[in-house]
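Working notes, structure below.
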Amino acid sequence: MTVAAVVVAGGRGVRFGGPKQFLPFNGTTVAAHAVSSARIVADVVVLVVPENYQGSGEGADLVVAGGDSRSASVRAGLAATGLADIVVVHDAARPMASAELFLRVVAAVRDGADAAIPGLPLTDTVKRVADGVAVGTLNRDELVAVQTPQAFRRDALVAAHAAGEDATDDAALVERAGGRVAVVPGERDNIKLTEPDDAQRLRRLRGGSMRIGHGYDVHKVSDDESRELWLGLVHLPGAAGLVGHSDADVATHALCDALLGAANLGDLGRHFPDSDPAYKGASSGVLLAAVIEKLALLGLRPTSADVTIIAERPKLAPHMPAMSKALTAALGCVVSVKATTAEGLGAIGRHEGISATAVVLVEEYS
């Protein structure tokens, strides 16, 4: 049986104070994590977004605009899922749902249920209240707190939505239509971002993940005597410069690539192409600052870095403390700078170019 997923990210986040589903989280966004989780079971993932959405799709196969209500948004996503046998509906604001939870709800539908929902037993006493006064106590043994992902037979979900009614979850519509809704065990950590404090709880659950990035760059030695040599944001007077669209600072370029790699943002050329005249002759300090800002938007910051420059000449030992100081000031963390030669081997050994490698450690922060 084929499976499609609808990840609902069309809400405005009124209680949260903004669109919580697009908050930075673990190197991407909350919604991107929900999309990635849905892909565990789905052949096609449709992301439903607000009308003013300007993102890149969060990794979904299709992106559609939502409606005025959650149910309307689900219907918009459902229309884009094709003819899958099973449709999974998941809230983008729940990035911690496990693979096992997705598999459980899909398995219950494959076993014959019209729908399957995760439910958590209630641990608190539940009261019915009217005008601020308790008027009854409910039997909590008969109650569960419901989560997503929820799985449905496609025909059952289409029929349930046919009347265009609204509900707080799609299973309620299937219930009204007389469908059989199975309940599988939910997960305590599968929290939904609703209030501002939920973001802190989410990051605590995630554990502040660390990421490693590696970068490499090489530039040819220039025949142009007017080219200056910059390495690690430091000018080396009297040395032959390097060929490049910007200032050709290989050490800083390698560091930029390592930072981008740690954040899964591609390489330096993607963000600052050598075909763009805006970066002609640009200082690598400007590029590095822009890269750091890109990481900050994802809730990431560097915690340590190590740069190695490979060059036959000039002698770099006298300049390495200044490079370390300049790069450390730019990153806000300690940057180690080392240098070595190629022992006369290859193009670098013949002083036809200078290369550099960098390794960084990046952490997620609140």
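The values are calculated or read from the model by the stated rules, or taken from the named source; none is laboratory data. Since this is a predicted model, take the numbers as computed values, not measurements. All Cβ positions, even for glycine, are placed from backbone atoms using ideal geometry, and neighbour counts span all protein chains on display.
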Next on the checklist: Against the definition (outside any helix (DSSP H, G or I) and either without any contact (Cβ under 8 Å) to a residue 24 or more places away in the chain or surrounded by fewer than 17 Cβ atoms within 10 Å (Cβ to Cβ) (or both)), how does Ser304 come out, yes or no?
Outcome noted: yes
Checklist entry - Going by the structure shown, is Asp141 more than 23 Å from Val6 (Cα to Cα), among the acidic types (Asp, Glu) and exposed (fewer than 12 other Cβ atoms within 10 Å of the Cβ)? => result yes
Checklist entry - Do we have any residue at all in region 328-344 that's over 27 Å from His271 (Cα atoms), β-branched (Val, Ile, Thr) and either surrounded by 13 or more Cβ atoms within 10 Å (Cβ to Cβ) or not assigned by TED's automatic domain parsing to the domain that holds Ala254 (or both)? => result yes
Checklist entry - What about Ala60, is it touching a residue at least 60 places away in the same chain (Cβ under 8 Å), small (Gly, Ala, Ser) and within 29 Å of Gly261 (Cβ to Cβ)? => result no
Next on the checklist: Quick check on His253: is it at pLDDT 95 or above and either over 25 Å from the mean Cα position of the chain (by Cα) or surrounded by 17 or more Cβ atoms within 10 Å (Cβ to Cβ) (or both)?
Outcome noted: yes
Checklist entry - Is it the case that Asp124 is within 28 Å of the chain's Cα centre (by Cα) and among the acidic types (Asp, Glu)? => result no
Next on the checklist: Can you say whether Leu287 is out of contact with any strand residue (DSSP E or B) (no Cβ under 9 Å at 6 or more places or on another chain), in a helix (DSSP H, G or I) and assigned by TED's automatic domain parsing to the domain that holds Ala329, as far as the supplied structure shows?
Outcome noted: yes
Item to check | Residue list for region 309-366, restricted to those being β-branched (Val, Ile, Thr), under 21 Å from Ala240 (Cβ atoms) and either touching a Lys or Arg at 6+ places or on another chain (Cβ under 7 Å) or not in a strand (DSSP E or B) (or both) | outcome: Thr341, Ile348
Next on the checklist: Could you check region 166-180 and list, in sequence order, the residues that are closer than 14 Å to Gly119 by Cβ and buried (at least 19 other Cβ atoms within 10 Å of the Cβ)?
Outcome noted: Asp169, Ala171
Next on the checklist: Take the residues in region 18-48 that are hydroxyl-bearing (Ser, Thr, Tyr) and touching a helix residue (DSSP H, G or I) at 6+ places or on another chain (Cβ under 7 Å); name whichever of them is farthest from Val7 (Cα to Cα).
Outcome noted: Thr29
Checklist entry - If Arg153 satisfies every condition in (1) in contact with a Leu (Cβ under 9 Å, 6 or more places away or on another chain); (2) within 21 Å of Ala42 (Cβ to Cβ) but one, which is the exception? => result (1)
Checklist entry - Do we find that Gly349 is buried (at least 17 other Cβ atoms within 10 Å of the Cβ), under 18 Å from Ala239 (Cα atoms) and assigned by TED's automatic domain parsing to the domain that holds Leu295 in this structure? => result no
Checklist entry - Counting just the residues of region 20-51 that are within 15 Å of the chain's Cα centre (by Cα) and part of a strand (DSSP E or B), which one comes out farthest from Ser209 (Cα to Cα)? => result Leu47
Checklist entry - If you go through region 269-290 one residue at a time, do you hit one that is over 17 Å from Asp217 (Cβ atoms) and surrounded by 19 or more Cβ atoms within 10 Å (Cβ to Cβ)? => result no
Next on the checklist: So in region 185-229, with the set limited to residues that are β-branched (Val, Ile, Thr) and part of a loop (DSSP other than H, G, I, E, B), which one is modelled with the lowest pLDDT?
Outcome noted: Thr194
